[in-house]
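Below: one structure, written as structure tokens.
The values are calculated or read from the model by the stated rules, or taken from the named source; none is laboratory data. Keep in mind the model is a prediction, meaning the values are calculated, not measured. Neighbour counts run over all protein chains shown; Cβ positions are idealised from the backbone, glycine included.
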Amino acid sequence: MTRSLTEHESLHLTHTTSDEWDAQGTLHTKGILDIEDFDQKIKKFKDKGIVERMVDWGAKIFIPASLAIIAFLGHQFAQLQEDNKTIQRFVDKAAQASGTRQEVLTNYGRRISDLVVSHNLKQSRPTDEVRKVAKGETLITLRRLYNVENEKQYAELPDNKIKQLETTLSKYDDAGELKGLLVRFLYDSDLLTRDEQIVDLSGSNITRVNLNYAPLPDINLKGAWLTWGTFLNADLRRADLSRTDLKGADFQGANLTNANLEKADLRGIVPEKTDETSTVEKTKLQGAILVGDKLNLSGACYDENTLIDWNLIDSKHKADMRDTTGEDPTVPCKDLP
């Protein structure tokens, strides 16, 4: 038989526990109710599939994105390695070519010295075989002193890498300097005197020769091809530069007192094809000393691309020169009537 709680017992129980009784006298515990409620919420949460959706989103978005980033970084690293290999290949090629050119010049010096000492080159006559040998050796050596052209094969490199490569390659761009050493060797050996070219340089391709600051009074370079040559502040007093091709050359500050520039080509160089990258290369004579009673500018060609201090040129000498503006620039000055 079930006994009902007295009012005192019921009141005492209410104050000593957090549990509750319902109207029928059934005991309910709050803690149990809270746990059941939480379980119900979890069950509802799972029933809605939210957890599964979040996992699915992670698989579809975050994992592919991570893989794409890893692939991109891997490609960038591989490309960087390939670019560095390309740069190193060109640098090695340029360094090897520079070493070869220096060896070529050294061997040339030995052969010419032997012709002077053992075959009397200095005392020879213009028709002697030893002079023909000397000219042949000179032409071959000048040919081999050219820079190795990369033919812009590195165009696939990024712009910043191309600039880096060109800066590095410029350290090995010594062809012009070595040509200058060849000319100075012949000059110091008294083989290029004003009165006579014992080693004939007429028609020789000495383009881009570097003779900056060189002391070369009375040198004889008659008929040589000196396009793009640099002669900054060079001493060229009484030099024979007649019938030379000096297009695009730089004579700024050079001393040309009493020099012979008869029929010299002093015109600028206009590119055959004109595009946004092509530029006219001017012949620079600003600051050059062009004075003297024996200065000869007869028939020397110039045009609008010849930079010269005309106010410093004697009117007679200027009158002796030929303005070829508008004429065919492909006809050599020496061949103009």
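Some observations on this one:
- All helices (runs of 4 or more DSSP H) inside the stretch 89-188 with 2 or more residues being modelled with pLDDT of 95 or more: 129-144, 175-188
- Residues (in contact with an Asp or Glu (Cβ under 8 Å, 6 or more places away or on another chain), closer than 17 Å to GLU177 by Cβ and surrounded by fewer than 18 Cβ atoms within 10 Å (Cβ to Cβ)) located in the stretch 101-145: GLN102
This table checks each residue for (1) in contact with a Lys or Arg (Cβ under 7 Å, 6 or more places away or on another chain); (2) among the β-branched types (Val, Ile, Thr); (3) crowded, with 21+ Cβ neighbours inside 10 Å; (4) in a loop (DSSP other than H, G, I, E, B).
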position	(1), (2), (3), (4)
ASN212	no, no, no, yes
PRO217	yes, no, no, yes
THR227	yes, yes, no, yes
LEU232	no, no, no, yes
ARG237	no, no, no, yes
LYS247	yes, no, yes, yes
GLY253	no, no, no, yes
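- Flag if ILE313 is β-branched (Val, Ile, Thr), on the phi < 0 side of the Ramachandran plot and buried (at least 24 other Cβ atoms within 10 Å of the Cβ): no
- Any hit, the stretch 322-335, residues being out of contact with any Gly (no Cβ under 6 Å at 6 or more places or on another chain), under 28 Å from PRO215 (Cβ atoms), not β-branched (Val, Ile, Thr) and not in a helix (DSSP H, G or I): no
- Residue within the stretch 262-285 that is in contact with a strand residue (DSSP E or B) (Cβ under 7 Å, 6 or more places away or on another chain), basic (Lys, Arg) and not in a loop (DSSP other than H, G, I, E, B) present: yes
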